[in-house]
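Single-structure report; data block below.
The values are calculated or read from the model by the stated rules, or taken from the named source; none is laboratory data. Being a predicted model, the structure only gives us computed values, none of them experimental. All Cβ positions, glycine included, derive from the backbone under ideal geometry; neighbour counts span all protein chains shown.
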Amino acid sequence: MSFLSVSHFHLDQIENLFRNAVFFKTKEVKPKLENKIISLLFFEPSTRTRMSFEVAAMRLGAKVNLLSGKQGTSLEKEETPEDTVRNVAAMKPDLLVIRCNDDLNLQQISQEIKVPILNAGWGTQGHPTQALLDVLTIKENGKYLPQEKILFVGDVKHSRVVSSHIELSKMLGYEIAFCGPQEMMPGNSKVKHFESLKDGLSWATCIYALRMQLERHAQKFSLEEIIQNYQLNKESLSVWKKEGLILHPGPVNYGIELSTDVMKDSRNVILNQVEHGVLIRMALIYHYLKENL
Ligand code: NCD
């Protein structure tokens, strides 16, 4: 079965992923998957997710091959992403890791092919490994999830990371809320919304900044106003005295959602998230490929 959303796993499987990720952090791993091939199909840009899937696979001894963007592939000759997936699956890799936009129906294609698909960011639908690595980071920084309140600040509407946290928070018992202007909020969401950053910060134990997904915006909006009202910087954070965590999935657009002084804030765990990204992806690959070791 493919891993397209966090709810494709039971709670005990999720807990097991965290346990294995922590095991991989503390123990030296003997690469054992040398006969395995993982094909990465990245139809949308990526740095962290793609490279950490590659590093994770390599740490476990598996071999990876990669399609990254259109250039040099038959996508330039108008082959569709669907057909690309079918063709690469016909080469019988052991796993497919796919990043794509909403036009590719991963659910449908996963039922058509025999190779399991791991979702590495699917349009606005979900980014399950990102949500898992965020939670691992929160746990590894000594927090007890059922007591955590995560405030997502910025472009919530287009964030697949948020979609996955909506699911994962229900499974693991942490609270989430959104902060940003109305036009950046998803329609008919039941999640608590703070229009004012100050109010949101007084509620939050963790702050999760989001990038403005300019590539997904159809309507024009005032970036200056958003920076003015929602940027996390020394001044706006001066009211947040808590020993919480500041997270971001990357890539950070410094000067928009964060100012560079947040880099020096001791509560910033952004690079720690990246570290945990490799461990979660190792745990996930291991979950899928271990049977035949
Ligand atoms: C995010 C994504 O692609 O969904 N980044 C990531 O995978 N680390 C967030 C973003 O692009 O803003």
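Can you find a residue that is hydrophobic (A, V, I, L, M, F, W, C), touching a residue at least 12 places away in the same chain (Cβ under 8 Å) and either away from the ligand (no atom under 12 Å from the Cβ) or surrounded by fewer than 18 Cβ atoms within 10 Å (Cβ to Cβ) (or both) anywhere in the stretch 154-164? Looking for residues that are hydrophobic (A, V, I, L, M, F, W, C), touching a residue at least 12 places away in the same chain (Cβ under 8 Å) and either away from the ligand (no atom under 12 Å from the Cβ) or surrounded by fewer than 18 Cβ atoms within 10 Å (Cβ to Cβ) (or both), one finds none in the stretch 154-164, hence no. On the given criteria, is Thr129 crowded, with 16+ Cβ neighbours inside 10 Å and of a type in the set (S, T, N, Q)? Answer is yes for this residue. Considering each residue of the stretch 93-101 in turn, at least one proves to be within 19 Å of Thr129 (Cα to Cα) and more than 22 Å from the chain's Cα centre (by Cα). Within the set Arg19, Arg99, the sole residue that is under 16 Å from Leu279 (Cα atoms) and of a type in the set (Lys, Arg) turns out to be Arg19.
Does Ile109 fit the bill of being away from the ligand (no atom under 16 Å from the Cβ) and touching a residue at least 12 places away in the same chain (Cβ under 8 Å)? Yes; evaluated as a whole, the condition is true for this residue. Looking across Ser46, Ser39, one residue alone is away from the ligand (no atom under 16 Å from the Cβ) and small (Gly, Ala, Ser). It is Ser39.
Could you tell me whether the stretch 87-99 includes any residue that is within 16 Å of the ligand (Cβ to nearest atom), under 23 Å from Gln213 (Cα atoms), surrounded by fewer than 19 Cβ atoms within 10 Å (Cβ to Cβ) and at pLDDT 95 or above? No: zero hits. Being part of a loop (DSSP other than H, G, I, E, B), away from the ligand (no atom under 14 Å from the Cβ) and buried (at least 17 other Cβ atoms within 10 Å of the Cβ) is a property that holds for Lys143.
Inside the stretch 260-291, can you point out the residues that are free of Cβ contacts under 8 Å to residues at least 12 places away in the same chain, more than 16 Å from the ligand (Cβ to nearest atom) and either touching a Leu at 6+ places or on another chain (Cβ under 8 Å) or assigned to a helix (DSSP H, G or I) (or both)? Residues satisfying the conditions are Thr260, Met263, Lys264, Lys290, Glu291.
Comparison of Phe23, Phe53 shows that the only residue that is closer than 22 Å to Pro128 by Cα, surrounded by 14 or more Cβ atoms within 10 Å (Cβ to Cβ) and within 16 Å of the ligand (Cβ to nearest atom) is Phe53. In this entry, Asp134 passes the filter for residues that are among the acidic types (Asp, Glu), on the phi < 0 side of the Ramachandran plot and in a helix (DSSP H, G or I). A single entry from Glu224, Glu257 fulfils the requirement of being without any contact (Cβ under 8 Å) to a residue 12 or more places away in the chain and of a type in the set (D, E, K, R): Glu224. Of everything listed in (1) away from the ligand (no atom under 16 Å from the Cβ); (2) small (Gly, Ala, Ser); (3) at positive phi, the single unmet condition for Gly69 is (1). Candidates are the residues of the stretch 1-14 that are in a loop (DSSP other than H, G, I, E, B) and closer than 21 Å to Asp94 by Cα; the one that is farthest from the chain's Cα centre (by Cα) is Met1.
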